[in-house]
1. Among the residues of the range 109-118, is any under 30 Å from Gly9 (Cα atoms) and in contact with a helix residue (DSSP H, G or I) (Cβ under 8 Å, 6 or more places away or on another chain)?
2. Tell me whether the range 65-77 contains one or more residues that are of a type in the set (S, T, N, Q), surrounded by 15 or more Cβ atoms within 10 Å (Cβ to Cβ) and either over 25 Å from Val130 (Cα atoms) or touching a Cys at 6+ places or on another chain (Cβ under 6 Å) (or both).
3. Any residue that is in a helix (DSSP H, G or I), aliphatic (A, V, I, L, M) and touching a residue at least 12 places away in the same chain (Cβ under 8 Å) - is there at least one of those in the range 16-26?
4. Being more than 22 Å from Val111 (Cβ to Cβ), within 21 Å of the chain's Cα centre (by Cα) and either surrounded by 13 or more Cβ atoms within 10 Å (Cβ to Cβ) or not β-branched (Val, Ile, Thr) (or both) is the filter here; which residues of the range 122-143 pass it?
5. Those residues that are among the charged types (D, E, K, R) and either part of a loop (DSSP other than H, G, I, E, B) or in contact with a strand residue (DSSP E or B) (Cβ under 9 Å, 6 or more places away or on another chain) (or both), I need them from the range 71-127; list them, please.
Amino acid sequence: MTPITEVAGRRVPLSNLDKVIHPASGTTKGEILHYYATVAGAILPHLRERPVSFLRYPDGPAGALFFTKNPPPGTPSWVRTVPVPHTDDPGARQVVLDGLAPLMWAANLVVEFHTPQWTAAEPGVADRLVLDLDPGEPAGLPECCAVALWLRERLAADGLDAYAKTSGAKGLHLLVPIRYL
């Protein structure tokens with residue numbers, strides 16, 4: 001039976017807390033959930049109003065992984081979804097993580113969250129630019145950092161702010177908010 005935990009007034013099932021998700025470091029699912037709970041105040045503003053896609057590997061890191069946009073079966077009614085119509089599925093919906101309980105529910109299921117550069121209110125209208133800098137021969141992570149610093153200075157000369165973050169797998173992203181006049 002999956003243990004139920006109360007999070008922000010919601011009953012959230014949390015499962016397999018001892019499962020090792022990152023074998024090289026021994027990081028468990030429970031530690032990842034603790035991390036998300038700890039950084040929720042910082043991460044939720046970046047997820048606000050953005051439909052979320054998930055990278056999942058339900059059988060652990062050695063098993064198959066898959067990418068999904070659809071709300072998974074069993075999504076609680078208190079997890080908000082928004083329409084994100086596609087040519088092949090005009091009725092498509094995606095999850096929006098708008099609070100601690102939905103964040104913890106989703107973190108229990110997934111490895112990574114992916115968001116578009118637009119909000120649910122304005123699909124297809126980008127409000128940020130993301131520059132993805134990944135190492136690859138002959139450039140390593142130090143070179144990616146040097147490029148990010150150069151890009152940040154160059155964008156600043158055009159009046160744009162740029163913020164670096166790790167991209168998850170091996171590189172970094174440079175996020176640039178876009179302001180419309």
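Taken together, the values in this text are just the output of simple stated rules run on the coordinates, not laboratory data. Predicted, not measured: the structure shown is a model, and the values here were computed from it. Cβ: placed from backbone, ideal geometry, glycine included. Neighbour counts: every protein chain shown.
1. So far as the range 109-118 goes, yes, one or more of its residues are under 30 Å from Gly9 (Cα atoms) and in contact with a helix residue (DSSP H, G or I) (Cβ under 8 Å, 6 or more places away or on another chain).
2. So far as the range 65-77 goes, yes, one or more of its residues are of a type in the set (S, T, N, Q), surrounded by 15 or more Cβ atoms within 10 Å (Cβ to Cβ) and either over 25 Å from Val130 (Cα atoms) or touching a Cys at 6+ places or on another chain (Cβ under 6 Å) (or both).
3. For the range 16-26, residues in a helix (DSSP H, G or I), aliphatic (A, V, I, L, M) and touching a residue at least 12 places away in the same chain (Cβ under 8 Å): absent.
4. Within the range 122-143, Glu122, Pro123, Gly124, Ala126, Asp127, Arg128, Leu129, Leu131 qualify.
5. Of everything in the range 71-127, those that are among the charged types (D, E, K, R) and either part of a loop (DSSP other than H, G, I, E, B) or in contact with a strand residue (DSSP E or B) (Cβ under 9 Å, 6 or more places away or on another chain) (or both) turn out to be Arg80, Asp88, Arg93, Asp98, Glu112, Glu122, Asp127.
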